[in-house]
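One structure is given here, and the rest of the page talks about it.
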Amino acid sequence: MARPSAVVGTVLLAGLLGGFFSISTSRADTLYLKSGISLSVTRVQEKDGQVEYWVANTRYTISKDRVLKIEKGDAPATPTRGGFTGVQDLTRRDSAPSISQHDKVSLPHLSGPKQNEAYWVELRNRILTGETIDDQHLAEIEIQHDNRRTADAFFLAGTMEMQRGHPGQASGYFEHAIQAMPDRVDLLQWRAAALARSERYAEAALTLERANTLQPDSPEVLRLLGIARYNADRTADAVAAWKRAQDLAPDPGTASLLHKAERELQVEEKSRSKESRHFTLHYQGERTPPELQQQILAVLETGYQDVSRQLSYEPPENIIVILYTQKEFTDITDAPSWSGGLNDGKLRIPIGGVTSIPPGLERVLRHELTHSFVHSIAGPRCPVWLQEGLAQLMEPQSASAYAQELGPLFLERKAAPFSLLEHPFSRFSALQAQVAYAESLAAVEYLRGRYGMGEIVRMLESIGSGVEPETALRNSTGMDYSVLQERIGQHLTSGQ
Ligand SMILES: [Zn+2]
């Protein structure tokens with residue numbers, strides 16, 4: 001959710017001058033939660049089935065069954081200034097693009113043509129000119145009116161474009177294949193996968209519904225259909241498909257998706273929804289007064305305009321925003337009760353019982369919204385430092401508040417390497433995560449200042465088409481990660 005606030009961040013970083021990996025002073029306790037998050041707290045104790053802990057002078061409680069373990073005297077104390085915001089930021093569970101947190105639930109891998117078999121090798125040679133798929137050659141196959149061969153040729157072209165990270169082109173090829181052989185379930189599944197990769201979930205669900213009509217008892221089709229419907233914001237229909245799949249062939253992955261969706265549905269059944277130009281807002285009428293609904297949509301739309309202008313991009317589908325009470329939010333997301341928001345493909349915001357926009361919500365919304373944009377451009381392989389750096393930049397935040405502490409860390413090579421920051425921050429201690437967020441922001445801010453946002457967007461697109469993040473950085477800037485660290489260090493210490 002939100003970033004480390006400037007005040008808290010600076011105080012934390014000041015205690016960190018020893019470097020990212022040298023946090024070993026014994027001044028406070030660490031609370032490990034089952035959700036994978038660890039918190040550095042001033043004091044912690046068990047009481048009446050609850051765990052009580054203090055951050056500075058403020059007491060918080062959490063249900064004992066959410067706690068994995070408590071380690072005494074193992075982490076540096078959380079600073080006393082700035083209150084709670086700094087810790088709240090560390091509860092972000094959405095910082096993991098490679099797992100399902102920023103993602104919509106992704107479709108599992110489908111098996112394609114066996115490209116080493118003679119039949120497919122011949123067809124592959126036929127449709128390629130060099131390494132490029134030649135549409136002229138595909139058209140020549142098509143006019144021979146051999147439907148099976150036409151379908152296979154376009155099928156092959158589609159799977160090749162999928163491998164190359166071009167789902168838009170792939171989807172067009174699969175469509176051609178389906179025109180030639182409308183009843184082939186494998187073609188429909190692949191087209192749905194391509195549509196889903198382009199975030200066209202509603203069309204993906206329709207395609208799989210056709211597959212389901214052709215093969216009503218295929219657990220595989222039903223599982224995919226559930227995923228597409230879930231991502232298309234059709235939770236009740238998703239539950240129906242997954243239940244049927246489980247009746248036919250129980251599967252633990254589907255069981256956990258079903259469990260999550262059923263909990264969401266309990267809330268959704270009490271909810272109403274409202275559409276704005278770019279958002280679908282789910283809320284509970286009696287708890288969310290109409291003025292507040294309008295205000296939230298207005299904040300979202302303003303944020304959307306700004307982020308889309310800066311990135312010169314608009315995601316293809318409406319962004320789903322769900323308002324929860326604090327308790328529902330905790331139950332559904334497994335995030336600790338103090339989380340400010342979460343983006344797991346849908347923006348989930350705990351905001352129950354308020355009548356006006358709470359301070360800080362605008363930043364949370366803009367931050368989470370940016371994650372949707374970035375995911376839409378770069379896909380699931382976007383490194384976390386780039387995701388979190390952009391999200392903080394759009395709030396808007398600046399790394400200048402951290403310059404004094406962060407500059408020397410970079411120059412003395414004591415900062416966390418960006419290769420490490422490609423992966424989720426959730427496994428870091430509280431302090432390490434603070435530094436990780438600050439480094440991410442400093443990097444993106446530096447890149448924008450030096451190369452412009454357009455170049456960052458090109459990097460995102462390049463990562464989206466399958467290029468490794470550090471290679472994308474090098475292609476855009478000529479720098480690898482270690483040079484980037486040095487340049488940011490110089491930039492921050494030069495006081496510009
Ligand atoms: Zn974030």
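Before moving on, here are some points about what is shown:
- Candidate set: the range 161-174, residues that are more than 24 Å from the chain's Cα centre (by Cα) and buried (at least 22 other Cβ atoms within 10 Å of the Cβ); chosen: the one nearest to residue 206 (Cα to Cα): 174
- Residues satisfying the stated conditions in the range 175-197, i.e. in contact (Cβ under 8 Å) with a residue 40 or more places away in the chain and crowded, with 20+ Cβ neighbours inside 10 Å: 189, 190, 192, 193, 196, 197
- Scoring residue 406 on the criteria (1) over 26 Å from residue 200 (Cβ atoms); (2) within 11 Å of the ligand (Cβ to nearest atom) leaves a single failure, condition (2).
- Looking only at residues of the range 231-269 that are among the basic types (Lys, Arg) and over 25 Å from the mean Cα position of the chain (by Cα), we find that the one that is farthest from residue 281 (Cα to Cα) is 244.
- Comparison of 285, 226, 253 shows that the only residue that is among the small types (Gly, Ala, Ser) and closer than 23 Å to residue 325 by Cβ is 285.
- Residue selected from the range 334-345 under the condition outside any strand (DSSP E or B) and within 14 Å of the ligand (Cβ to nearest atom), by the criterion modelled with the highest pLDDT: 345
- Meets criteria (among the aromatic types (Phe, Trp, Tyr), in contact with a Lys or Arg (Cβ under 9 Å, 6 or more places away or on another chain) and more than 30 Å from residue 197 (Cβ to Cβ)) for residue 437: no
- Unmet requirement for residue 439, which otherwise passes all of (1) within 16 Å of the ligand (Cβ to nearest atom); (2) charged (D, E, K, R); (3) closer than 24 Å to residue 281 by Cα: (3)
- Within the range 202-232, considering residues that are in contact with a Lys or Arg (Cβ under 7 Å, 6 or more places away or on another chain) and in contact (Cβ under 8 Å) with a residue 24 or more places away in the chain, the one nearest to residue 153 (Cα to Cα): 205
Quick grid of which residues meet (1) surrounded by fewer than 24 Cβ atoms within 10 Å (Cβ to Cβ); (2) among the charged types (D, E, K, R); (3) modelled with pLDDT of 90 or more:
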residue: 394; (1), (2), (3): yes, no, yes
residue: 400; (1), (2), (3): yes, no, yes
residue: 407; (1), (2), (3): yes, no, yes
residue: 422; (1), (2), (3): yes, yes, yes
residue: 427; (1), (2), (3): yes, yes, no
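- Screening the range 346-382 for residues that are within 15 Å of the ligand (Cβ to nearest atom), surrounded by fewer than 24 Cβ atoms within 10 Å (Cβ to Cβ) and part of a loop (DSSP other than H, G, I, E, B) and picking the one that is modelled with the highest pLDDT gives 346.
- Residues in the range 469-488 include none that are surrounded by 16 or more Cβ atoms within 10 Å (Cβ to Cβ), in contact with a Lys or Arg (Cβ under 7 Å, 6 or more places away or on another chain) and of a type in the set (Val, Ile, Thr).
- Condition check for residue 256: over 16 Å from residue 368 (Cβ atoms) and in a strand (DSSP E or B): no
- Filtered by the rule that a residue be under 21 Å from residue 420 (Cβ atoms) and touching a residue at least 40 places away in the same chain (Cβ under 8 Å), the range 448-481 gives 456, 459, 460, 463, 469, 470, 481.
- Check on residue 372, in the same structural domain as residue 464 (by TED's automatic domain parsing) and within 23 Å of residue 198 (Cβ to Cβ): yes
- The number of residues in the range 413-448 being more than 17 Å from the chain's Cα centre (by Cα) and among the acidic types (Asp, Glu) comes to 2.
- Members of the range 191-225 that are touching a Leu at 6+ places or on another chain (Cβ under 6 Å), closer than 29 Å to residue 373 by Cβ and not polar (S, T, N, Q): 192, 193, 196, 203, 204, 208, 224, 225
- Filtered by the rule that a residue be under 13 Å from residue 355 (Cα atoms) and surrounded by 14 or more Cβ atoms within 10 Å (Cβ to Cβ), the range 285-300 gives 287, 288, 289, 292, 293, 295, 296.
- Among the residues of this structure, residue 286 counts as one that is out of contact with any His (no Cβ under 8 Å at 6 or more places or on another chain) and without any contact (Cβ under 8 Å) to a residue 24 or more places away in the chain.
- One residue from 161, 203, 175, 131 being more than 30 Å from residue 318 (Cβ to Cβ) and at pLDDT below 95: 131
Rundown of residues vs (1) assigned by TED's automatic domain parsing to the domain that holds residue 309; (2) out of contact with any Cys (no Cβ under 9 Å at 6 or more places or on another chain); (3) of a type in the set (A, V, I, L, M), yes/no style:
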| residue | (1), (2), (3) |
| --- | --- |
| 439 | yes, yes, no |
| 454 | yes, yes, no |
| 457 | yes, yes, yes |
| 460 | yes, no, yes |
| 477 | yes, yes, no |
| 489 | yes, yes, no |
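The values are calculated or read from the model by the stated rules, or taken from the named source; none is laboratory data. This is a predicted model, so every value here is computed, not measured. Glycine also receives a Cβ, built like all others from the backbone with ideal geometry; neighbour counts cover every protein chain displayed.
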